[in-house]
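First comes the structure, then the notes that go with it.
The values are calculated or read from the model by the stated rules, or taken from the named source; none is laboratory data. Values in this document were obtained by computation on a predicted structure and should not be read as measured data. When we count neighbours, we look across all protein chains shown, and the Cβ atoms used for this are built from the backbone with ideal geometry, even at glycine. The area values use the complete protein model at the heavy-atom level, side chains included, leaving out ligands, DNA and RNA. Shrake-Rupley method; radii C 1.70, N 1.55, O 1.52, S 1.80 Å.
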Amino acid sequence: MADEPAEDNGLALLTCSEQSRHLLKLLLDNMLESVVITDHQGIIVSVNCAFSHMTGYSSQEARGQSARFMQSDHHDELFHQQMWQQISETGAWYGQVWNQRKNGEVYLQHLNIFSITNEQGEVTSMIGLGKDLSQGQSSHHIMPFFGLEDSLTGLGNRQLLSTRLDQALAQAKQDNSQVSLIVLDVGRLRSINEDLGLAWGDATLRMQADILKQAVDKKDTLVRLHGDMFAIIRHEQEQEVPLAQFANHLLERLAQPTFIKGKHLQYLQPSLGIAVYPRDAQDNAGLLQAAEYAHSLAKFNGRHRFQFVDLELHELHHRELAIQHSLQEILTSAHHDSGEMMLYYQPQVCPKTQQIFSLEALLRWHHPKLGQISPAEFIPIAEQTGQSVALDRWVITQVCLQKATWRQQFTHLPAVSINLGAKQLVQEDFAIWMQECALQAGVRPSNIKLEVTENTMIQSECAQMLETLRDLGFRISLDDFGTGYSALASLHKFSFDELKIDRSFVLEASTSARAFVLLETVAQLAHQFSLDLVVEGVETQAQLDMLASLGPLTVQGYYYYKPMPVAEITHLLAKDYQAPTHS
């Protein structure tokens with residue numbers, strides 16, 4: 001008799017469990033929202049009737065499929081990566097997605113996804129709740145739920161911005177990368193509305209929205225916040241300089257002369273504010289607030305400009321853009337003499353004869369507004385903005401023209417060295433262009449030395465171009481020897497005519513016996529390979545005396561001459577190349 005109550009209890013529990021499952025199934029099958037249940041790997045284990053009605057897939061067809069099998073091509077891979085990343089990190093995601101029915105029709109769905117974990121915190125299953133936003137509903141019912149699209153421009157709205165920004169920040173935290181948020185306004189919209197009417201203002205906003213669509217990258221998120229305010233999330237990992245260039249590009253596009261219904265609108269003056277995670281803010285609301293603050297600064301400072309949150313960084317970016325634009329003006333000018341960018345020349349002297357052996361051409365730039373700009377500042381900008389090739393050719397042209405002028409004044413001239421970057425040497429036309437430039441100026445190729453670093457020379461395409469140039473008669477100099485990772489190996493792998501020892505070698509050899517032995521060894525190898533030897537950075541008599549035992553060489557440095565403008569070099573050449581004698 002004692003066992004009977006236990007048996008009755010067991011039957012009661014079983015009956016209760018079966019009733020619960022039955023009630024749960026009854027509840028799911030009568031829900032208006034679709035329900036998808038998956039295992040921890042995202043494989044569907046159960047769906048409800050609303051799912052089958054919404055998608056056209058039966059329960060049997062859906063089970064065993066990946067939950068991704070209904071994805072449409074309306075979203076890029078980044079969207080899905082960020083969605084699943086957020087689920088992994090927070091356990092939930094909600095938003096609007098475009099999925100595809102069995103018949104191929106694409107439909108809009110509001111989707112809530114959340115994960116179920118066990119006592120150990122491990123994900124055991126995931127549940128997706130979906131609501132069809134396109135079928136059998138009026139726009140009156142859709143809009144409050146949808147809430148991601150701006151009805152005037154067709155762009156996303158502030159809610160979409162918030163969702164995408166959350167996803168971008170989650171990804172950036174994982175990748176230890178940056179997220180950039182740009183807030184901008186069209187400018188003068190109130191004047192358009194007051195002078196021409198609201199319809200004209202709406203037309204202006206639609207037109208500017210179209211311009212922004214064409215200007216942003218496909219992976220960017222572009223939304224209209226309110227009024228004439230827009231926002232852009234840059235999902236890619238952006239460096240600061242390209243980000244400033246992008247902002248400037250937007251300003252230029254938005255400020256172009258505008259025509260609506262044949263009427264010319266001349267007074268659009270957009271302003272942009274830029275905030276960058278994690279420097280300016282750590283979360284969604286903070287980053288948007290920072291971008292809006294930067295935008296207000298841009299308007300306060302005169303409109304038609306962009307503004308970073310970091311004022312010091314902002315000034316740096318505007319300086320870089322000014323340098324970029326000035327470079328472009330110089331390089332595209334029909335006049336070779338810019339008046340502000342010029343070549344200085346530093347002599348290389350033979351210590352034994354005190355005679356100038358050659359000259360190195362060095363760029364100097366005195367900007368009318370920015371003052372003296374160091375090559376260490378403007379050359380990297382030229383490389384980042386794709387102007388380095390044109391800048392190299394500008395220098396080469398100037399050297400050849402100057403050599404032609406000197407040839408009319410002097411019977412004999414020293415060779416001139418010109419520094420080249422790797423980007424120049426991968427230009428297919430460079431050898432032909434170089435030959436024609438020298439020919440037009442009447443300059444013998446042997447009177448021009450092309451200086452390249454070891455890191456440039458070891459690139460296969462560059463090495464092939466250097467061989468071609470050397471076959472044409474130009475001399476090749478290996479610059480900054482001793483700073484590359486395999487400097488000694490370069491002596492036999494590549495063909496060149498001159499070896500320039502970096503000034504760091506000289507400084508170390510002045511205080512270290514071991515460094516001096518290495519310097520002696522390099523000098524001996526250069527002589528054995530029949531290479532001319534140039535030692536850079538010689539500034540004192542002690543350094544010059546140290547080099548006396550190294551055999552034939554020339555030196556370059558402030559001990560003899562600093563870089564000088566053309567007028568001073570011309571005066572020096574008139575003295576038969578005699579260097580000053582130091583007591």
### Query
Hey, if you put +1 on the Cβ of every Lys and Arg and -1 on every Asp and Glu Cβ in the range 158-309, which of Phe308, Leu198, Ser271 ends up farthest toward the positive end of that dipole?
Leu198
### Principal axes of the chain: Cα extent on each, largest first, Å
121, 78, 40
### Query
Rounded, prolate or oblate: which fits the range 279-436 when a ≥ b ≥ c are the square roots of the eigenvalues of the alpha-carbon gyration tensor, with rounded for a/c under 1.5 and prolate only if a/b beats b/c?
prolate
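Quick check for me: using +1 on Lys/Arg Cβ and -1 on Asp/Glu Cβ, what's the dipole size of the chain about its Cα centre, in debye to the nearest 20? All intermediate terms of the calculation are to be shown ahead of the outcome.
Working: 43 positive and 68 negative charges, 394 e Å.
Charge dipole of the chain: 1900 debye, to the nearest 20.
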### Query
In the chain, which whole DSSP H runs stretch at least 15 Å along their own axis (Cα) and average 0.0 or higher on the Kyte-Doolittle scale?
198-215, 240-254, 284-300, 430-441, 513-528
### Task
Pull up the DSSP beta bridges for the range 158-309 and report the antiparallel fraction as a percent, rounded to 5.
85 percent
### Task
Leaving ligands, DNA and RNA out of it, work out the accessible area of Leu439 with a 1.4 Å probe and give it in Å² to the nearest 10.
140 Å²
### Query
Roughly to the nearest percent, how much of the accessible area of the chain is carbon and sulfur, given a 1.4 Å probe?
51 percent
### Message
Compute, for the range 32-132, the length of the dipole vector about the Cα centre, with Cβ point charges of +1 (Lys, Arg) and -1 (Asp, Glu) only. Units Debye, rounded to 20.
### Response
280 debye
### Task
Evaluate the relative contact order of the chain (contact order divided by residue number), counting alpha-carbon pairs under 8 angstrom at least 6 apart; express in whole percent.
8 percent
### Message
Using a 10 angstrom Cβ neighbour count of at most 14 plus a DSSP loop assignment to flag exposed chymotrypsin sites (Phe, Trp or Tyr not before Pro), which longest range of the chain is free of such sites?
### Response
1-266
### Task
Compute the accessible area per residue over the range 158-309, keeping the other protein chains in place, probe 1.4 Å, unit Å².
44 Å²
### Query
Considering only DSSP beta bridges with both partners in the chain, what is the antiparallel share in %, to the nearest 5?
70 percent
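Which order do Arg206, Arg364, Arg234 take by accessible area at a 1.4 Å probe, largest first? Don't skip to the answer; put the middle values down first.
Values: Arg206 105, Arg364 65, Arg234 25 Å².
The ranking, largest first, comes out as Arg206, Arg364, Arg234.
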